[in-house]
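Here the structure is laid out as structure tokens; the discussion comes afterwards.
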Amino acid sequence: MKNPLHSLLLFLALCGLAAAPLRAQPPASGAPESMVSPDPEAHSEDDGHDHGSDEEAAEDIQPELGGEFTLLPEDLGRPSKGLNPRDVRAFGAVAVLHDGRIKPLETLARHLLLQWSGHDAYQGTPALAIFAQIVFAPEKTGDLKLFRIDNPEVAEALGITAEKKRRYSYRQIEPGLTKLQALSQRADSIEEAKRNLVEKEVLRTFGNVATYLNLTRSLQFALPSASLVIAVPETRNVLGLPGLAEGGPTVSFWELMERAPMMAQILDGIHEGGGEYSPVENEIVRLSRAMYLQSQTGMASPLRILPNPDQPGTWLSPSEVVATPGLMQRLNAEIGALAAMTSAYRAGDAAAFEARASALNASVRRLAAAEMEKTRFPLEILKNRVNPLFVSTVLFWISLFTGFLFFLFRHGGAASRWTYRITWTLSGLALFFLTAAIVARVLIMRRPPVTSLFETFPFVAAVSIAVALFLERRSRQGVALLSASLLGTLLLSIANRYAADGDTMQMLVAVLNSNFWLSTHVICITVGYAACALSGAIAHIRLVRGAWSPVPTPEQRASLREVDRMVYGTLCFGLLFSFIGTVLGGIWADQSWGRFWGWDPKENGALLIVIWCAILLHARHWGVIRETGVAAGAVLGAVIVSLAWQGVNLLNVGLHSYGFTSGAALKLFGYIGAEILFLLVVWLVTEIRKHKRPPEIS
Amino acid sequence: MNPKWRQKAARHPVTKAVLHPAITLAGLLMLLLLIFFGTLYQADHGLYEAQRVFFGYLIWVAGVVPFPGSSLVLWVLSIQLAVMMTFVLPLVWKKAGLWVVHGGLLLLLVGGFITQMMAVESQMTLAEGETGHYTMAYDKWEVAVWRQIADTNEVLAYVDEDLQPGAVLDLAPWPARLTVVKYHENAAAFTSTVTGGVLPYLNASGIASMEPRKPEKEAPQNAPGLIAKLSVPNTPDREILLYGLESRPLALTLGGERVLLQLRRRHYPLDFSLTLKDFIRTLHPGTDVARSYESYVDLHDGLSSRPVKVWMNNPLRYKGYTFFQASFAIDQEGEHSTFAVVTNPGRLIPYISSLMVFGGMLLHFILHFLGYVRRTARK
């Protein structure tokens, strides 16, 4: 295959020459390319290599917004047929470096859409298909309602009439973009902790729209361009392009690049001949100049899918590669494959698209063999498709429902038996999916199961539910089973809310990086949380039952005693693991900082749990409190767990404050209030019922 | 099994009073509250201040209501533990777990006490190529007086605890002494143009006046100041001013010799030294999230020298000192690496004691858990 490789550099130099005398002229009107600085020198070559942090990059790639221009073309001159969601699957397996981790594009597509809209699919279309459309046929995505703006004040500030679903399209936001940029700059200058909800929403929205716009331009070199219009039919003949009727007036940068030798020849002729330009020559000069400008507009985009051959470990977006002739030459095959994928997508040719995507994949795997070896793409894609965490959540919700039915039909023979079995099976299945989700993460990230605040929720849920199901096997009363469903729905619902923030599989800061003490410390602490949470959950049911029959029959008494034993046992379990977790945290701190105990809020939280459990066990031992007291104590224990687990993050001090989330404070206080109210109501009901019914004589 | 004297002592009313469950439960509950409110207080006032307030023997809530501080509560609980173990806890195998747990707890408290009293935390910052012979305190200060002989400094130092007004610091072997006039734990210093170059104090940086300030939230951020009267025989007394943030020492001529004075963070000399060869920071690709910090140092002791790598979670331990990679700075002068340095004679006690508590609990709970499994399996 004769590739214009060696002439690429020469050609671009010629393009620069051809552009030189024209530079003083105003740029072609209306085209999106004219937005960028018309002086090509303004973009030094280093720009393409600049890889700051993602935050930095996010600032780098914030487009310059000009009010009158549209940043997203409505028409590229050649319509796109597009592909079915099923046909773009091969695109999902393309590797991308994002947030410091190499992941399949599928994951990125899902998390971006989740971050933008709150859903990981758009009206039934999978995220990947939307992502493919944004990249390959951006002109068609302007009206998709992708951006969620919760705060009506923000929507109003942008001149958008607030809608019920709170999701808006780019075209709706576009008229207010300049204002949005100004607002976000102001919000950005405020210290993070001091930003209010509106400011946070402004920053989030602007970041999302900027990312979207950057994505629409990441394959610009392969898209037909409004600045590359061929009006003279003869030019098409000379360059061997399809006729106007077949293709449309516009061509892409890459289509011309593939014809670089021919264009170079013509340009050469002009420079030697001098005199008047022929219409074809004139057009070629104009095209060359537009190409040069376009090649220089490469901006960093989140689509970092090409390994940098010069700097192993860094990855580039296609536009950065195209902006640097040396890189374009080295990654010619990959860029070519992307261009061919674009054409295939726009032509609706599924087979060609898949073949080119596979070729790109194979070639990237070769270029970054060492890095790709550490990934587990098939597993990650499977996990994305199945979404075991979500499946598990749904199963828990159903099991909660059937669990309540069981308690209604408790003495109803077949109905009771069946609801019990169904609840049991559903909970077991849910636990299976939950475990699968945790194991998949461990395998993909190659690190212990709990390393971030998000990961504590599925893990605590899994442990407490496993213990609950074990207890249920032994007691067969349905109490532990219902507790499992309760905890499952509650904890996983919280986890799913965290997952909406984007990719939850993030890299770790140095101090949290894999360390034996750290992983064991965190696991033990979370097992302690799990035990105390379970103890609290069982205690709730115990208290309700106790209040219902304050003067129990002997049969009820035996059953209650069994439940009391569970509450007590899980408390002991919680004390043991909270203690060992706290101590392991101390060992880790001693190994890392030289102090066993530093009064860090999270350490203090764990210590609170230990002390509270110790108080309960001693008080029970001395007979200061009885069964009901222990159960009430276990409910308060769950409150202390919530403080240690969540409340500490609200303080925003100390080494552990990695999980700050706003609005959580209100929910936490709401929870604590509800528990106190619960205990009060239980106490009142017990008292009232006790006085109504005189004690039976036994 | 249980000796007579123990049985007798256990029944003694004093023992019963000391070990009253209400005391233990109230103590634990107070500890719970102290930790909870201490954590909240820390968020607003900083760790040093929170420790000062909550670790005392009494806390005055709203200035009037006394509440026991952590030290008092921990002493009471420790005494209870000791009494309980000496006289009351039955010497039977069934209680073996409890013996180990409570023994471990007592040891843990003793270890905490030793650490509180004897551990020293300091730091050492080195530029690449620099050699360090001492570590520096975070929040403790000293007045250092020295002369330079060839490459070495001969240092005489007074620690900040000694700097009470009226205290006399004898500068022997030089014929001079200092009498402390004022010492501020935290102060702001000002230069002045009003005096027309005539300064009221002898001072190296042209400071004309000093005002006391409220201590900072984090004690290491304090900048102390000292004003002292310098008495040299046969010359009129003069006042000198030393300020913690001064970069230059005050130079005096005493007995015909050039002597330097400085108020500086306390230095702890080492009998070995470290040279920083290289500091390396690695980031996760495409982000500015650090993956690791590593310092390559040479450890010199006497005539021997060996290379050591110090990085996150992997400190250098030598002669009772532990050096941790704590921080770094990169500026135009190059790369600096900061080590946190700790000496703690009680370092191993928490390891042993918490292993005891854990083992004891495990023993106790396993015995009970097996009972539960046996009971429920029989159904």
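The values are calculated or read from the model by the stated rules, or taken from the named source; none is laboratory data. Just so it is clear, the model here is predicted, and its values are computed rather than measured. FYI the Cβ positions are ideal-geometry reconstructions off the backbone, even for glycines, and counts take in every protein chain you see.
Residue-level analysis places residue B:232 among those that are among the β-branched types (Val, Ile, Thr) and in the same structural domain as residue B:174 (by TED's automatic domain parsing).
Within segment B:269-296, the set of residues being touching a residue at least 60 places away in the same chain (Cβ under 8 Å) and not polar (S, T, N, Q) comprises B:269, B:270, B:274, B:276, B:277, B:278, B:279. Residue B:48 - would you say it is within 11 Å of another protein chain (Cβ to nearest Cβ), more than 19 Å from residue A:608 (Cα to Cα) and out of contact with any Gly (no Cβ under 8 Å at 6 or more places or on another chain)? Considered against the rule, which asks whether it is within 11 Å of another protein chain (Cβ to nearest Cβ), more than 19 Å from residue A:608 (Cα to Cα) and out of contact with any Gly (no Cβ under 8 Å at 6 or more places or on another chain), residue B:48 comes out as yes.
Per-residue answers, yes or no, for (1) of a type outside the set (A, V, I, L, M, F, W, C); (2) surrounded by 16 or more Cβ atoms within 10 Å (Cβ to Cβ):
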| site | (1), (2) |
| --- | --- |
| A:323 | no, yes |
| A:341 | no, yes |
| A:346 | yes, yes |
| A:362 | no, no |
| A:367 | no, yes |
| A:375 | yes, yes |
| A:385 | yes, no |
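Would you point out which residue out of A:108, A:177, A:183, A:97 is in a helix (DSSP H, G or I) and either under 24 Å from residue A:317 (Cα atoms) or free of Cβ contacts under 8 Å to residues at least 12 places away in the same chain (or both)?
On the way: A:177 fails: either under 24 Å from residue A:317 (Cα atoms) or free of Cβ contacts under 8 Å to residues at least 12 places away in the same chain (or both); A:183 fails: either under 24 Å from residue A:317 (Cα atoms) or free of Cβ contacts under 8 Å to residues at least 12 places away in the same chain (or both); A:97 fails: in a helix (DSSP H, G or I).
Checking each option against the conditions leaves just A:108.
Among the residues of segment B:327-363, those that are surrounded by fewer than 17 Cβ atoms within 10 Å (Cβ to Cβ), in contact with a strand residue (DSSP E or B) (Cβ under 8 Å, 6 or more places away or on another chain) and small (Gly, Ala, Ser) comprise B:327, B:329, B:334. Taking residues in segment A:513-525 that are at the interface with chain B (Cβ under 9 Å from one of its Cβ atoms), and partners anywhere that are outside any helix (DSSP H, G or I) and modelled with pLDDT under 75, the pairs with Cβ atoms closer than 6 Å and at least 6 places apart or on different chains are A:515/B:313.
When residue B:111 is tested against (1) at pLDDT 85 or above; (2) touching a Pro at 6+ places or on another chain (Cβ under 8 Å); (3) in the same structural domain as residue B:257 (by TED's automatic domain parsing), just one condition goes unmet, and that condition is (3). For beta carbons closer than 7 Å, sequence separation of 6+ or different chains, a first residue in segment A:442-464 that is surrounded by fewer than 24 Cβ atoms within 10 Å (Cβ to Cβ) and a second that is of a type in the set (Asp, Glu) and not in a loop (DSSP other than H, G, I, E, B), the qualifying pairs are A:444/A:380; A:449/A:455. Residue A:637 falls short on exactly one of the conditions (1) facing another protein chain (nearest Cβ under 9 Å); (2) closer than 24 Å to residue A:544 by Cα; (3) in contact with a Phe, Trp or Tyr (Cβ under 6 Å, 6 or more places away or on another chain), and that condition is (1).
Kindly check whether there is at least one residue in segment A:633-645 that is touching a residue at least 12 places away in the same chain (Cβ under 8 Å), out of contact with any Pro (no Cβ under 8 Å at 6 or more places or on another chain), assigned by TED's automatic domain parsing to the domain that holds residue A:550 and assigned to a loop (DSSP other than H, G, I, E, B). No, that holds for no residue.
When only residues in segment A:569-595 that are under 21 Å from residue B:355 (Cβ atoms) and of a type in the set (A, V, I, L, M) count, which is farthest from the other protein chains (Cβ to nearest Cβ)? Walk me through how you get there before you give the answer.
First, the residues of segment A:569-595 that are under 21 Å from residue B:355 (Cβ atoms): A:572-595.
Right, trim to of a type in the set (A, V, I, L, M) and you get A:575-576, A:580, A:583-584, A:587, A:589.
Numbers: A:575: 7, A:576: 5, A:580: 5, A:583: 4, A:584: 9, A:587: 7, A:589: 10 Å.
Selected residue: A:589.
Residue by residue, here is whether (1) over 22 Å from the mean Cα position of the chain (by Cα); (2) in contact (Cβ under 8 Å) with a residue 24 or more places away in the chain holds:
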| site | (1), (2) |
| --- | --- |
| B:42 | no, no |
| B:45 | no, yes |
| B:53 | no, no |
| B:57 | no, no |
| B:71 | no, no |
| B:74 | no, yes |
| B:85 | yes, no |
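In a residue-by-residue description of segment B:319-329, the property of being modelled with pLDDT under 90 and more than 23 Å from residue B:115 (Cβ to Cβ) applies to at least one position.
Quick check on segment B:110-163: of everything there that is within 14 Å of chain A (Cβ to nearest Cβ) and part of a strand (DSSP E or B), which residue is surrounded by the most Cβ atoms within 10 Å (Cβ to Cβ)?
Initially, segment B:110-163 is screened for residues within 14 Å of chain A (Cβ to nearest Cβ), giving B:110-116, B:118-124, B:135, B:138.
Checking the rest, the ones that are also part of a strand (DSSP E or B) come to B:120-124, B:135, B:138.
Working: B:120: 15, B:121: 17, B:122: 20, B:123: 19, B:124: 22, B:135: 25, B:138: 15.
Residue satisfying both the conditions and the ranking: B:135.
Only residues that are more than 26 Å from residue A:569 (Cβ to Cβ) and at the interface with chain A (Cβ under 8 Å from one of its Cβ atoms) were counted across segment B:342-379, and they come to 5. Restricting attention to segment A:470-487, the residues that are under 17 Å from residue A:417 (Cα atoms) and of a type in the set (A, V, I, L, M, F, W, C) add up to 4. For the condition surrounded by 17 or more Cβ atoms within 10 Å (Cβ to Cβ) and farther than 30 Å from residue A:566 by Cα, residue B:324 qualifies. Screening segment A:396-426 for residues that are surrounded by fewer than 15 Cβ atoms within 10 Å (Cβ to Cβ) and in a loop (DSSP other than H, G, I, E, B) and picking the one that is nearest to the chain's Cα centre (by Cα) gives A:410. Return the pairs, sorted by first residue and then second, in which the second residue is surrounded by fewer than 22 Cβ atoms within 10 Å (Cβ to Cβ), the first residue lies in segment B:321-341 and is outside any strand (DSSP E or B), the beta carbons are less than 7 Å apart, and the residues are 6+ apart or on different chains. Listed by first residue and then by second, the contacts come to B:333/B:127.
Criterion applied to A:650, A:616 was being assigned by TED's automatic domain parsing to the domain that holds residue A:684, touching a residue at least 40 places away in the same chain (Cβ under 8 Å) and more than 14 Å from residue A:529 (Cα to Cα), and the one residue passing it is A:616. Selection within segment A:596-629: residues that are in a loop (DSSP other than H, G, I, E, B) and over 36 Å from the mean Cα position of the chain (by Cα). The member of this set that is farthest from the other protein chains (Cβ to nearest Cβ) is A:626.
Checking the condition in a loop (DSSP other than H, G, I, E, B) and on the phi < 0 side of the Ramachandran plot, which residue from B:253, B:235 passes?
Details: B:253 fails: in a loop (DSSP other than H, G, I, E, B).
Within the list B:253, B:235, the selection yields B:235.
Considering segment A:300-353, and only residues there that are among the hydroxyl-bearing types (Ser, Thr, Tyr) and closer than 19 Å to residue A:80 by Cα, the residue that is farthest from the other protein chains (Cβ to nearest Cβ) turns out to be A:343.
Checking segment B:202-224 against the condition returns no match, with no residue being part of a loop (DSSP other than H, G, I, E, B), of a type in the set (Asp, Glu), farther than 27 Å from residue B:257 by Cα and modelled with pLDDT of 85 or more.
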